[in-house]
Every structure is written in structure tokens, then in C-alpha cells.
Amino acid sequence: MKISKARAEELVKALLFEMQKDGQEFAILGIKETPVGWVVAWNSAEYARSANAEHFLIGGASYLVDGSDGSIYAIPGDTMRLQDWQTIFLEEFKGLRRPDALLDSVQKTLQSDGRIAALRHLRKNATSLSLAQAKEYLQAVEQGNDPAEELVHLTRKYESLPPLPIRRVSGPVD
């Protein structure tokens, strides 16, 4: 990781200082290393000093300091607690594609039981694909290619309440 813990703390302290208004001060509560960077928990300085719940700010997000370039992202608490936020971050901000959970089983079914069985398997496990889309997906697999991302997207199961978005707050740093 290019960005050190001390540098991550410095970057977030500067951001928290910029956020101060009307006498409200903020403080870092803790920093945790993750595979994608440093997660920095913060709240009001009064809460940090006293741990008195009356001073706890509700609705604040933790910050992620990107370990590669120092960019800072706000990650809502519900997203961090309930979602695979690192996967979301990597998809949205680093352009990494989430693995296709169905691809292996479709390939195996195609090899062992043939095209019709693979198509049935795909339709059973990806009900949001139309027949034409399922055929297009299967054709890509038959040709040894990855199915188009828009088709793979339709094969995934999503939570009924989507996560609150991660947003870039600043960066990258020089």
C-alpha cells in the first residue's frame, strides 16, 4: 500500500478541519487497514473526548483513504455494515468487474449435459434474463468468451434495498 497509516490520518484530519463550522469540531476515533486502503472512523470531538452518546453524530460516514492514491471516499454506515462495500468500491471506482457467479456452473453444465441443459440451468438461476438474453449469454460461453457485462448484471441477485452510495470526497493526492 502506497499510502501509510500516518498519511491517511493526516489527510482525514485536514478534511475534518475543513468541515468545521459553527464551533463544531471533529475527531478521528480509529483507523483500520483493509485491502483497499484505510477506513477512518470519525465523529464529534466532544464524543471522542467523553464517549457521551449525547454528542454522537448520527448519519456520519466512515472515510476510506484509498491505499493507492490517497483519494478519500465517504462510506455510509449501513453500506459498510450490511454490504460487501469493498466490492462495490472496486467496481465503481477502480473499474474491476465482479466475478460471474453463474459462469462456472453454466460451463460445466454445457460440457456435461449439452446446450439445452445449460440454457435451462441459466434460465432457472437467472430469471431476469429473457430467452434471447439467455441464448446470447450461452453463445458467448460456447465461444469461450465472457458474457457481456449487461447480461452478467442481470444474473446477479441484488438486495431489495440497494446500498447507499459510496462517494468520492477528495483526491487523489499528489
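The values are calculated or read from the model by the stated rules, or taken from the named source; none is laboratory data. For clarity, every value in this text was computed on a predicted model and none was experimentally measured. Glycine gets a Cβ as well: all are built from the backbone with ideal geometry, and neighbour counts include every protein chain shown. Accessible surface areas use protein heavy atoms only, side chains included; no ligands, DNA or RNA. Shrake-Rupley method; radii C 1.70, N 1.55, O 1.52, S 1.80 Å.
Show the residue pairs meeting these rules: Cβ distance below 6 Å; 6+ apart or different chains; first residue within the stretch 63-86 and touching a residue at least 24 places away in the same chain (Cβ under 8 Å) and surrounded by 14 or more Cβ atoms within 10 Å (Cβ to Cβ); second residue small (Gly, Ala, Ser) and assigned to a loop (DSSP other than H, G, I, E, B).
Final answer for the pair search is GLY70/GLY171; SER71/GLY171; ILE72/GLY171; ALA74/ALA61; ILE75/ALA61; PRO76/ALA61.
Would you mention how many residues in the stretch 124-166 are among the hydroxyl-bearing types (Ser, Thr, Tyr), farther than 12 Å from VAL106 by Cα and at pLDDT 85 or above?
Qualifying residue count, the stretch 124-166: 3.
If you take the residues of the stretch 1-52 that are in a helix (DSSP H, G or I) and charged (D, E, K, R), which of them is most open to solvent (accessible area, probe 1.4 Å)?
The residue in question is ARG49.
For the stretch 143-155, indicate whether the set of residues that are closer than 30 Å to ILE3 by Cβ, open to solvent by 80 Å² or more (accessible area, probe 1.4 Å) and free of Cβ contacts under 8 Å to residues at least 40 places away in the same chain is non-empty.
Within the stretch 143-155, none of the residues are closer than 30 Å to ILE3 by Cβ, open to solvent by 80 Å² or more (accessible area, probe 1.4 Å) and free of Cβ contacts under 8 Å to residues at least 40 places away in the same chain.
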